[in-house]
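To start, the structure under review is shown below, and the notes come after it.
Where a number appears in this text, it was derived from the coordinates with a stated rule and is not lab data. Fair warning: this is a prediction, and the values are worked out from it, not measured in the lab. Here the Cβ is made from the backbone with ideal geometry for all residues, glycine too, and neighbour counts use every protein chain on show.
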Amino acid sequence: MNFFTSARSAPSPPHAHAIRLKLHEMGQFFNSMDPSPFIERGLDPDAEEFIVSWAHELPAGAPLKLRIDLEQWPAEDPKDVIRQAVHNHFSHRARLTDMEFRLLMKQGRTSLLIGLAFLASCLLLTQTLLSGKTGTWASVLRESLTIAGWVAMWRPMQIYLYDWWPLRRRRRIYRKLSRMSVDLVQPRKVNRPQAAAEAVASP
């Protein structure tokens, strides 16, 4: 479903970067599989991906603004509904990401304790059982235990070196999106007779 404009407007006061969406009707903005009311319904996955991808491209400290051009305006003014739905959706995403981050840190602590215990056991076995032993098999076993002990440290090292910061960044972006201003605009329609009359009247 391709209903988005890939344009980004120039920063508007106070230097807010605008992410622009162009929708035909309001239902395109929401997840069609979610039976909840619009204000509680999740956003369409394509719409969410579009907004989040633009937010990733913008400077981390820059304020954001979402501008939605809606062609078919419903009977009731949808501005408050869409604004609240956007804020609710990204607040929920931020909470889920925060929960995922805390679970990752808990897993990292557990993995670190297991890895350190296993590494210490391997090194202890190497020192107590193989100390002073010579020969090919003793050397192979000594090296194998040392390598196995350090391999056990791979998972906590991966968590604390690489896995945590993408989640922190994603949580920061979701929190920013949950507070951004949302403007809903109905494009001005000019019928053909009026456009022709304006063209004739113009010099």
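Quick check on segment 8-191: take the gyration tensor over C-alpha atoms, sort the square-rooted eigenvalues as a ≥ b ≥ c, and tell me if it's rounded (a/c under 1.5), prolate or oblate. Before the final figure, lay out each step's value.
Working: a/c = 4.38, a/b = 3.45, b/c = 1.27.
It comes out prolate by the Cα gyration axes.
Report ³J(HN,Hα) in whole Hz for each residue of segment 139-152, in order, from the Karplus equation J = 6.51 cos²θ - 1.76 cosθ + 1.60 where θ = phi - 60°; Gly and Pro get x.
Once θ is set to phi - 60°, the couplings for segment 139-152 become 5, 5, 5, 4, 5, 5, 5, 5, 5, 4, x, 6, 5, 5 Hz.
Using 7 Å Cα-to-Cβ label points, what is the W164/A62 separation (nm, one decimal)?
Each label point lies 7 Å from its Cα, and together they span 2.9 nm.
So who's got an amide H within less than 5 Å of the one on I19, skipping anything under 5 residues away but keeping other chains? H placed 1.01 Å off N, in plane.
Counting only residues 5 or more places away or on other chains, the set is K65, L66, R67.
What distance in nm lies between label points placed 7 Å from Cα along the C-beta direction at E143 and M99?
Between E143 and M99, the label points sit 4.8 nm apart.
State the extension gain, in nm to one decimal, for the chain segment bounded by A75 and A117, taking 0.36 nm per residue of separation less the distance between their alpha-carbons.
8.5 nm is the gain from fully extending A75 to A117.
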